[in-house]
Amino acid sequence: MKILANLFDRFDHLDTSMNRWLVTYSIPILRVSMGLVFLGFGFLKFFPGISPIEVLATKTTTVLTLGQLRGHGAMDLVATLECIIGVCFITGRFLRVGVWLMGAQMLGAMSPLVLYPAELFPGPLHAPTLAAQYIIKDIILIAAGLIIASTWTGARIVSEPKSMKSTLFKRIPGVYGPDPVFKPTLSTPAKTRQA
């Protein structure tokens, strides 16, 4: 039993050390990886026939621009927008602009769910097509973008090291919803708490 307790203590120490590392690096890693995704997918859209979402993105952009952009011109707009967002996220420069552009791009990217529901959810069970799944996964990018946006006003993950033993069976404040104890004000930068 003592060996088991010793192994658990070692794992607990490793877990706490990893938590400290994550507090320091997780938001920058999230920002850069989002930038790489936007830059990579945006770059593909410059080349006709390569992006798996090209037809739908072109059709949607044509509708959203009221027919002002058609064909590859529509794709070039989406590609340029995604590449700019990617560069902003990767470099951390003009990040606020990048997040606003991402918000606009996400509205456009999610709009086929409203514009073409019969095409994206065909059949009697309305199962999503691969294109619909491609669009729906953008919910994760939106959530990640919200985390990046929160850093504008100084939000940071704050390390409050706790052993795994002490938190294993407890609800951690701020993890399952807003922390009722902490209320950010306009004069105080928001603070993201880390469990």
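The values are calculated or read from the model by the stated rules, or taken from the named source; none is laboratory data. Only a predicted model underlies this, so the values are computations on that prediction, with no experimental measurement involved. Here the Cβ is made from the backbone with ideal geometry for all residues, glycine too, and neighbour counts use every protein chain on show. Heavy atoms of the whole protein, side chains included, go into the accessibility calculation; ligands, DNA and RNA do not. Shrake-Rupley method; radii C 1.70, N 1.55, O 1.52, S 1.80 Å.
Accessible area of the stretch 1-158 with a 1.4 Å probe: how many percent of it is carbon plus sulfur?
Ligands and nucleic acids excluded, carbon and sulfur reach 75 percent.
So, R0 is 45 Å and r is the distance between the beta-carbons of Arg93 and Met1; what FRET efficiency does that work out to, to 0.05?
In this case the efficiency is close to 0.20.
Which of rounded, prolate or oblate describes the stretch 10-82 when judged by the alpha-carbon gyration tensor and an a/c cut-off of 1.5?
Details: a/c = 4.33, a/b = 3.70, b/c = 1.17.
Prolate is the answer for the stretch 10-82, as a/c is 1.5 or above and a/b outweighs b/c.
Given an 8 Å cut-off on Cα distances and at least 6 residues of separation, report the relative contact order of the stretch 19-112 as a percent.
33 percent.
Got a sec? Charge dipole of the chain, +1 on Cβ for Lys and Arg, -1 for Asp and Glu; which of Gly42, His13, Ile84 is way out at the positive end?
His13
Cα axis of helix 95-110 to longest principal axis of the chain: angle in degrees, 0 to 90, nearest 10?
Computed tilt is about 60 degrees.
Given charges of +1 on the Cβ of Lys and Arg and -1 on the Cβ of Asp and Glu, with all other atoms neutral, how large is the dipole of the stretch 38-174 about its Cα centre, in debye to the nearest 20?
Computed charge dipole of the stretch 38-174: roughly 660 debye.
Taking 0.36 nm per intervening residue step and subtracting the Cα-Cα distance, what contour gain separates Phe43 from Trp100 on full extension?
Between Phe43 and Trp100, full extension yields 18.5 nm more.
Here are several values of Rg and Dmax of the Cα atoms in Å: (1) 16.5, 53; (2) 20.0, 62; (3) 21.5, 73. Which one was derived from the coordinates shown?
Read-out taken from this structure: (3).
Multiply the residue separation of Phe121 and Phe11 by 0.36 nm, subtract the distance between their alpha-carbon atoms, and state the gained length in nm to one decimal.
35.0 nm
Could you work out the helix-only [θ] at 222 nm for the chain, with each DSSP H run of four or more residues adding -39,500 (n - 2.57) and the total divided by the number of residues, to the nearest 500 deg cm²/dmol? Don't skip to the answer; put the middle values down first.
Working: 9 runs with 123 residues, N = 195.
Dividing the helical sum by the residues of the chain leaves -20000 deg cm²/dmol.
Could you do me a favour and compute the accessible area per residue for the stretch 91-132, 1.4 Å probe, result in Å²?
64 Å²
Can you compute the FRET efficiency between Gln68 and Ser111 using 1/(1 + (r/R0)^6), with r the Cβ-Cβ distance and R0 = 22 Å? Round to the nearest 0.05.
Rounded to the nearest 0.05, the efficiency is 0.85.
Round to the nearest 10 and give me the degree value, 0 to 90, for the angle of helix 54-64's Cα axis relative to the longest principal axis of the chain.
80 degrees
Which order do the peptides 30-43, 58-71, 1-14, 120-133 come out in when sorted by mean C-beta neighbours inside 10 angstrom, highest first?
The peptides rank, most packed first, as 30-43, 58-71, 120-133, 1-14.
Defining a contact as two alpha carbons under 8 Å apart and six or more residues distant in sequence, what relative contact order in percent does the chain show?
22 percent
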